[in-house]
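What follows is a single structure, written as structure tokens, with notes after it.
Coordinate-derived values only; no laboratory data. Note that the structure is predicted; figures quoted are calculated from it, not measured. Here the Cβ positions follow ideal geometry from the backbone for every residue, glycine too, while neighbour counts run over all protein chains shown.
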Amino acid sequence: MNVGFIGLGHMGSGMAANLVKAGHTVTVYNRTEERTEPLVALGAKAAKNLAEACKGDAVFTMLANDDAVKSVVYGDKGVLAHLPRGAIHISSSTISVSLSERLAVDHAGAGQRFIAAPVFGRPDVAAAGKLYVITAGEPDAIAAAGNLFDAIGQGTFNVSKTPKAANLVKLSGNFLIACVIESIGEALALVSKGGVDRRQYIDILTSSLFNAPVYKTYGGLLAERNFEPAGFAAPLGHKDIRLALAAAEEMCVPMPLASLLNDRFLTLLAHGGDKLDWSAIGDLAAKDAAAG
């Protein structure tokens, strides 16, 4: 397919590279132009502006937050103004449910198709083409983009015809990951203050009761206190928890653990943790307990 890709951060760069490797014709755009250079070396074309990235069959956006997505979609120079009728906007950004709903309506009004396709996986997983893709949108659009999802991920889960459902799944998933991070951190604070080696403890857990990728990944980061460079920065984690809480409030769903996590992120950020990986919230328990 002829596809554009907007947003070449830690995740987007790996995703776009795998689209190129799969044989798709890829036009990339990023505000920081240097980020396009490695992809051009692989065979991608660098767009001079947003409009050039929107001329094909589909365009991906992989951006940090709602404001970033709105800045590239709306306006005379944006995706909405330049994507051809019948072409597909694939939004892989972790955005609010309300913005996803707005995008679906606006693209339909312009005769375009919209798929929400957020992903699970960290930057190394994106680079390896092993993401899990959560999709929602009209079946014909999902089918047309199937080869694109195959190129970036090891599995695609279609959850609804309504795009915002995929964003709700993504936000709930990130909420669960943050719960795991907090719980591992509290357990580590307890056992390490009792004299148990942090690394050995994580090895025991992930070799027995919790033999799952999320425990292995975040247990390892917490055991080593390996929070820099950030694979997923703390402010982004905080944003996702706030979006989950906003969706929960809209639907009258109490989420007391999400409220606790919001406070943990605020504590981390208040102490200068904005450059750290979001897993650093799990180390706050050790600081509270004066556990080395």
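Multiply the residue gap between residue 269 and residue 249 by 0.36 nm, knock off their C-alpha separation, and tell me the result in nm, one decimal place.
Values: separation 20, 0.36 × 20 = 7.20 nm, distance 2.35 nm.
Answer, rounded to one decimal: 4.8 nm.
When only Cα pairs under 8 Å and 6 or more residues apart are kept, what is the percent relative contact order across the chain? Present the calculation step by step, with values, prior to reporting the outcome.
On the way: 544 pairs, mean separation 42.0, N = 292.
Reported as a whole number, the value is 14 percent.
Considering segment 2-161, what Rg and Dmax in Å follow from its alpha-carbon atoms?
Cα radius of gyration and Dmax of segment 2-161 are 13.9, 38 Å respectively.
At 222 nm, what helix-only mean residue ellipticity would the chain give, in deg cm²/dmol to the nearest 500, using -39500 (n - 2.57) for each DSSP H run of four or more? Can you show the working numbers first?
Details: 14 runs with 149 residues, N = 292.
Computed ellipticity for the chain at 222 nm equals -15500 deg cm²/dmol.
Would you please report the Å³ per residue occupied by the convex hull of the alpha carbon atoms in segment 213-292?
Working: hull volume 8.0 nm³, N = 80.
With only Cα atoms used, segment 213-292 gives 100 Å³ per residue.
Can you tell me the dipole magnitude for the chain around its Cα centre, using point charges on the Cβ only (Lys, Arg +1; Asp, Glu -1), in Debye to the nearest 20? Display every interim value, and only then the final one.
On the way: 26 positive and 28 negative charges, 76 e Å.
It comes to approximately 360 debye.
Starting from segment 59-151, pick out the trypsin sites (Lys or Arg not before Pro) whose DSSP state is loop and whose Cβ has at most 10 other Cβ atoms within 10 Å. Please report the intermediate quantities before stating the final value.
Values: sites: 70, 77, 85, 102, 113, 130; in loops: 77, 85, 130.
Here the trypsin sites (Lys or Arg not before Pro) that fit, given the DSSP loop and packing criteria, are 85.
Quick one: what Rg and Dmax do you get for the chain from the alpha carbons, in Å?
19.8, 64
With the cut-off at 27 Å, tell me which of the pairs 70/287; 70/164; 55/161; 45/130; 21/216 have Cα atoms farther apart than that. Mind showing how you got there, number by number?
On the way: 70/287 38 Å; 70/164 16 Å; 55/161 25 Å; 45/130 24 Å; 21/216 29 Å.
From 70/287; 70/164; 55/161; 45/130; 21/216, over 27 Å: 70/287; 21/216.
Using θ = phi - 60° and the Karplus form 6.51 cos²θ - 1.76 cosθ + 1.60, what ³J(HN,Hα) does each residue of segment 234-246 get, whole Hz, x for Gly and Pro?
Here the 3J(HN,Hα) series is 3, x, 6, x, 4, 4, 5, 5, 5, 5, 5, 5, 5 Hz.
Give me a comma-separated list of calculated 3J(HN,Hα) values for segment 16-33, in order, Karplus coefficients 6.51, -1.76, 1.60 applied at θ = phi - 60°, integers in Hz, x for any Gly or Pro.
Residue by residue, segment 16-33 yields 5, 4, 6, 5, 4, 4, 7, x, 7, 7, 10, 10, 10, 9, 8, 4, 8, 4 Hz.
List, largest first, the extents of the alpha carbons of segment 209-256 along their principal axes, each in whole Å.
Principal axes ranked by extent give 38, 29, 15 Å for the Cα atoms.
Which order results if 134, 281 are arranged by neighbouring Cβ count within 10 Å, fewest first? Numbers along the way, then the final one.
Details: 134 25, 281 28.
Neighbour counts put them in this order, fewest first: 134, 281.
Which far-off residues, 5 or more places away or on another chain, put their amide H under 5 Å from the one on residue 160, with H placed in the peptide plane?
137
Compute the angle between helix 97-109 and the longest alpha-carbon principal axis of the chain, please, reported from 0 to 90 degrees and rounded to the nearest 10.
Approximately 10 degrees, to the nearest ten.
List every residue whose amide H lies under 5 Å from the amide H of residue 96, counting only residues 5 or more places away in sequence or on a different chain, with H placed 1.01 Å from N in the peptide plane.
The answer is 66.
Using a 7 Å offset from the Cα along the Cα-to-Cβ direction at both residue 98 and residue 186, what is the distance between the two label points in nm, to one decimal?
3.1 nm
At most 15 other Cβ atoms within 10 Å and a DSSP loop assignment: could you name the trypsin sites (Lys or Arg not before Pro) in segment 159-225 that fit?
Details: sites: 161, 164, 170, 193, 198, 199, 216, 225; in loops: 161, 225.
Here the trypsin sites (Lys or Arg not before Pro) that fit, given the DSSP loop and packing criteria, are 161, 225.
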